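Just so it is clear, none of the values below were taken in a lab; they were calculated from the coordinates. Nothing here was measured: the structure is a model prediction, and the numbers come from that model. We place every Cβ from the backbone using ideal geometry, glycine too, and count neighbours over all the protein chains shown.
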Amino acid sequence: MEFKDLVLARRSIRQYTDRPVTADELMYIMNAAINAPSACNMQSWHFYVVSDPKVKEGFKEFCADWISTAPIVVVICTAGEEIVSRFGEKAKKFIIQDTALAMENMLLAAADIGFGGCIIGAYDDDKCRALLDIPAEYSPVALMPIGEPAVVPSARSRKPISEVVTYIGNSFNI
C-alpha cells in the first residue's frame, strides 16, 4: 500500500479475529518500532510483547475486557535513565516523544501487513507493572493490542486544517 493511502486507512482496532501474529510479522512490527526517531538516538523505550493467553487475561483486571482478544498485546515502556542523566528533567518530554514515535511506527507497520492495533492509555500502571514484573527502570506508558481486524471502523471526522494550523508568514498563499 502506498504510504499516503496507509496513513489515511489506519484505524484504531478493538475487535480481532483468531488469526495469530507470526514471528516474521511480529519482527516486522517491532523493527518498525525500534527504527523510529529518538532523541539523540538514545532509544529510551522498552517493549513487552505478550502472547500468553493467561497473562493477556490478566489485563482485564485493569484495562478494557476486549484487550485480551488480540493475539498480542505490546506494553510500551519508557526507559529514560540515560537520557535524563544526560539532559536533566527536561528530557522527560523527549522520552514520551520517543515512545509515541515508536507506537505510531508500530501501528503503521501493523496496518501495512493487514493488522490493526489501538493505543490504550487508560489502565492501572501499578497493576500492569505487577502483572509483567516490570522493573523500576521502566515505566509503562501505553498498551497496544495488535491483530487482524474483525471489524474495521469507518473513518471518524477530523477537524479542518484551518482550525488546527496557524501559518506564520505568507509564503504558502493559503
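By the count of neighbouring beta-carbon atoms within 10 Å, fewest first, Met1, Met144, Met27 end up ordered Met27, Met1, Met144.
Scaling the Cα radius of gyration of region 97-171 by the globular reference 2.2 N^0.38 Å produces a ratio of 1.52.
I want the antiparallel fraction of DSSP beta bridges within region 3-164, as a percent rounded to 5.
Percent antiparallel among DSSP bridges in region 3-164 is about 95.
Which residues does a label at Phe172 reach in region 1-26, if reach means a backbone N under 20 Å from a point 7 Å past the Cα toward the Cβ? Answer for this model: 4-5, 7-8. Would region 1-82 count as rounded, prolate or oblate if I go by the C-alpha gyration tensor, calling it rounded below 1.5 in a/c and otherwise prolate when a/b exceeds b/c, oblate otherwise? Here region 1-82 falls in the oblate category. Per residue, the average separation of C-alpha pairs within less than 8 Å and at least 6 apart gives region 3-164 a relative contact order of 36 percent. Legend: ranking of residues Ile67, Ile174 from fewest to most surrounding C-beta atoms inside 10 Å; resulting order Ile174, Ile67. Fewest neighbouring Cβ atoms within 10 Å first, the residues Val73, Val141, Val151 line up as Val151, Val141, Val73. In this structure, the amide hydrogen of Val74, modeled 1.01 Å from its nitrogen in the peptide plane, lies closer than 5 angstrom to those of Val50, Met144, Ile146, counting only residues at least 5 positions away or on a different chain. Here the Debye sum runs over all C-alpha atoms of the chain as equal scatterers in vacuum, and log10 of I(q)/I(0) at q = 0.14 Å⁻¹ comes out as -0.81.
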